[in-house]
Amino acid sequence: MSTHAHSDHHADHGHGHDDHGHPAGAHGTFGSYMIGFVLSVILTVIPFWLVMNGTLDNTTTTAVILVLSVVQIIVHMVYFLHMNGRVEGGWSMLAMIFTIIVVFIMFSGSLWVMYHLNYNMMPGMSHDMSKMP
């Protein structure tokens, strides 16, 4: 009798095992996963090719890699994490904006620290390593 009551309890609340609390359309299709995969491969191959061939100078190559990495993050969030403004009442979009702000602060702070460490470390010391014992 307790088994029957337990199954009635689940039937009364309408909790199915198939939805797992996700709204309709939250999961991607095979086609959307393939689009995301192909875009990810392309966005990985281009920076690899730029570095291996050395077609651009270092500054331009770095800038292109940074831009393509941001595009790849967006591709992963849209095609694999299914983040958009409609899912979960917009909370996933708010989480994405917060994540972007934190990543920007960490990235710019790291660049600022590395630049100033390079500029301020041992100002009187020569950086010619060939004279080291």
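The values are calculated or read from the model by the stated rules, or taken from the named source; none is laboratory data. None of the values given here were measured: they were computed from a predicted structure. When we count neighbours, we look across all protein chains shown, and the Cβ atoms used for this are built from the backbone with ideal geometry, even at glycine.
If we scan segment 107-115, do we find a residue that is under 23 Å from His27 (Cβ atoms) and not aromatic (Phe, Trp, Tyr)?
no
Residue-wise test of (1) closer than 25 Å to Ile46 by Cβ; (2) modelled with pLDDT of 85 or more; (3) touching a Phe, Trp or Tyr at 6+ places or on another chain (Cβ under 7 Å).
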position	(1), (2), (3)
Gln72	yes, yes, no
Leu81	yes, no, no
Gly89	no, no, no
Thr99	yes, no, no
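Val64 - would you say it is at pLDDT 85 or above and surrounded by 11 or more Cβ atoms within 10 Å (Cβ to Cβ)?
So Val64 passes the test.
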